[in-house]
Amino acid sequence: MTQLPIPTTDPSRQKADLDEFGYCFVESAMTGTQTEAVRTRLIEQLEAEMALGKSRILDDGKQLVRFLVNKGDEFIDLLRPGPVRDLATHVLGDVYQLSSYNGHIAHPGGETRFHTDQFWMPPPVRAGEPTPLKPGSVTRGGNRGHHVVGDPDARREWIAPAFTCNVMWTLDDFTADNGATIVVPGSHRSGRQPDHALDEAAGWVPAVCPAGTAIVFESRTWHSTGANRSNATRIGLTTNFCAPQMRQQENLLLGTAPEVLDALDDDLRALLGFKAWEGYGATEFAFEYVDRGDYGLGRLDPPAAD
């Protein structure tokens, strides 16, 4: 391998890093003022949700503020076209949609949980081979680790492409001690899911970078929230984009607030899933952009004879 990725504003380097290592950094993806404004809005939202009993710290020491599309223009603005969206296009192609958008808080003492964002993809098989794992039988906990594909040291001859692209927007400096995202460079080419017990020595590195950076990684890359050994929380945002064939993690069609949806331009409406793709997602008479409440025709009886 050549030099591991570092923060850069060079799009060609970012794309080359994504291709070779499975992740890259977008330097100064947010201005200092923007970073502070987004962080302040997230903390305000978190405190309000905690006061209502609507947010809790998970058993791995992580805390989420979910469904950020409804929670401030500060978050919406990060979804607009720019360098990060260009990298999503590089991974996924011309058309993709937002899958989920969450505030991501790593508290002191938090644990690692090795995974990819493509656990639901059954491993490819050769022609004539039986399918060992049916798509509808995949579970988050079951389809991971060495047992899925057999030999832990073997790299598969065929692997699936990436179907999602994840972004971690850093609202604090990410360090090796405060829970920076950890990744295994090049793991996106392995065709495997990481095993939490057996892959501790797989070559994990922390994605160290200053606040205001965007860490972009594709869905096959092994990663985890790092263990936070500091005495302070580490705060970021996670934005997950997925191919148009995929079911979104968050049901944005139902859950996006009406006043938020009404304020979006066509690009963002399409990003949230309100635009049909190749015949998928259309309603009866809406074949491009779709709207809530457009139920089409119901049961009809022929007109009465004169």
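Taken together, the values in this text are just the output of simple stated rules run on the coordinates, not laboratory data. Just so it is clear, the model here is predicted, and its values are computed rather than measured. Reconstructed Cβ throughout: ideal geometry from the backbone, glycine too, with neighbour counts over all protein chains shown.
Miscellaneous remarks
- For the range 11-271, the relative contact order is 30 percent, taking Cα pairs closer than 8 Å that sit 6 or more residues apart in sequence and dividing their mean separation by the residue count.
- Helical contribution to [θ] at 222 nm, DSSP H n ≥ 4, -39,500 (n - 2.57), averaged over the chain, rounded to 500: -5500 deg cm²/dmol
- Put simply, the Cα atoms of the range 203-278 extend 43, 28, 19 Å along their principal axes, the longest span coming first.
- Looking at the range 227-306, the trypsin sites (Lys or Arg not before Pro) that sit in a DSSP loop and have at most 16 other Cβ atoms within 10 Å of their own Cβ are Arg229, Arg247, Arg292, Arg299.
- The trypsin sites (Lys or Arg not before Pro) of the range 176-227 include none that DSSP puts in a loop with a beta carbon having at most 11 other beta carbons within 10 Å.
- Alpha-carbon geometry of the chain: the Rg and the Dmax are 20.9, 83 Å, given in that order.
- Checking every one of the chymotrypsin sites (Phe, Trp or Tyr not before Pro) in the range 224-306 against DSSP loop status and a limit of 16 other Cβ atoms within 10 Å picks out Phe285, Phe287, Tyr295.
- Estimated vicinal HN-Hα couplings, Hz - the range 267-276 in sequence order (Karplus 6.51, -1.76, 1.60; Gly, Pro = x): 4, 6, 4, 5, 4, 7, x, 8, 9, 5
- For the range 203-217, 3J(HN,Hα) per residue [Karplus equation, 6.51 cos²θ - 1.76 cosθ + 1.60, θ = phi - 60°, Hz, x = Gly/Pro]: x, 5, 10, x, 7, 7, 6, x, 4, x, 8, 10, 9, 10, 9
- Euclidean distance of C-alpha centroids, the range 79-130 and the range 1-58, integer Å: 14 Å
- Here's how it looks for Val290: its modeled amide H is under 5 Å from those of Lys275, Ala276, which are all 5 or more places away or on a different chain.
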